[in-house]
Amino acid sequence: MKFQPLALALGAFLALGGLNAHADIVAQWDYNKGSTKHSQSMNGASFATLGGVTTSFVAQTGSSDPNAGQAMNTASYAAQGTGSLTRGVQFGVDTTAYENIVLTFDQRNSATASAWTALLYTIDGENWSQATTFKMATGNLDFVKGLSFDFSSIAGVADNTNFAFQLVSMFAPGTSSYLATGATSNYGPAGTIRYDMVTISGTEIIAAAVPEPESYALMLAGLGAMALVLRRRQRQV
């Protein structure tokens, strides 16, 4: 215990003051300019529709966007009993130099839209895996804010130029048909799904700093002085 100050000093030096990681927006789509182009990007981002889905832009009401802007409306989904996991939207995000990747977004369904949406992702641009599913509460036709998925534990998502994800309509689990969002509605391909504030965030990957030779010399000199003081104290005990 007498050498605790010495260990603490060494730890503090090696930590170099500590690195306080914080989440940054890597890419974001707020749609306020009426475009599918990303509104913010650290490295680069892309957007595409899947299976013939069409997009338009409508005034958003109730999303988490602090500005009175627009949301992206998607339509032209598959007929009942066909095309599960094939129609929706795709976002590509270059996560180079970022880790702890997290997706957040707001979603609003019309009554006849599929209540179930699947989140798929790729780390090589070719092979896709299912990350999770989202279900709109039956009868809820308002924006659901802050839907999210944490990719932090999935190897290959961080620091990757090929990372992309899809939000696609899917059959209700265990069935071969879509479930409508509306409480008294039947699913129909004319149903629409709106998205807003689609955001990928992450923490910057910061390489540990290597002290200069002069810093090592100062450290060793300081530690030597501390050790000398501690030895003197021990002799006096």
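The values are calculated or read from the model by the stated rules, or taken from the named source; none is laboratory data. Everything numeric in this text was worked out from a predicted model, so none of it was measured. As a convention, Cβ positions derive from the backbone with ideal geometry for all residues, glycine included, and neighbour counts pool all protein chains shown. All accessible areas refer to the heavy atoms of the entire protein, side chains included, with ligands and DNA or RNA removed. Shrake-Rupley method; radii C 1.70, N 1.55, O 1.52, S 1.80 Å.
Computed quantities for the displayed model
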{"quantity": "The range 118-134, subset over 20 Å from ASN73 (Cβ atoms) and not in a loop (DSSP other than H, G, I, E, B), residue least open to solvent (accessible area, probe 1.4 Å)", "calculated": "THR122"}
{"quantity": "Every residue from the range 100-135 that is among the small types (Gly, Ala, Ser) and over 25 Å from SER176 (Cα atoms)", "calculated": "GLY125"}
{"quantity": "Count of residues meeting criterion [in a loop (DSSP other than H, G, I, E, B) and of a type in the set (A, V, I, L, M, F, W, C)] in the range 172-195", "calculated": "4"}
{"quantity": "Yes/no for GLY51 being open to solvent by less than 50 Å² (accessible area, probe 1.4 Å), over 24 Å from LYS37 (Cβ atoms) and at pLDDT 95 or above", "calculated": "no"}
{"quantity": "Residue among ALA97, ALA71, ALA115 that alone is surrounded by 19 or more Cβ atoms within 10 Å (Cβ to Cβ), of a type in the set (A, V, I, L, M, F, W, C) and in contact with an Asp or Glu (Cβ under 9 Å, 6 or more places away or on another chain)", "calculated": "ALA71"}
{"quantity": "Of all residues in the range 54-68 being within 19 Å of THR199 (Cβ to Cβ) and among the hydrophobic types (A, V, I, L, M, F, W, C), the one that is surrounded by the most Cβ atoms within 10 Å (Cβ to Cβ)", "calculated": "PHE57"}
{"quantity": "Elements of type strands (runs of 3 or more DSSP E) in the range 60-116, at least 1 residues being under 15 Å from the mean Cα position of the chain (by Cα) and of a type in the set (Ser, Thr, Tyr)", "calculated": "98-109"}
{"quantity": "Given (1) farther than 26 Å from ALA97 by Cβ; (2) modelled with pLDDT under 85; (3) open to solvent by less than 40 Å² (accessible area, probe 1.4 Å), index of the condition GLY18 fails", "calculated": "(1)"}
{"quantity": "Residue list for the range 142-171, filter: surrounded by 17 or more Cβ atoms within 10 Å (Cβ to Cβ) and in a loop (DSSP other than H, G, I, E, B)", "calculated": "PHE143, PHE151, VAL157, ALA158, ASN160, PHE163, MET170, PHE171"}
{"quantity": "Verdict on VAL198 being open to solvent by less than 80 Å² (accessible area, probe 1.4 Å), part of a strand (DSSP E or B) and either at pLDDT 80 or above or on the phi > 0 side of the Ramachandran plot (or both)", "calculated": "yes"}
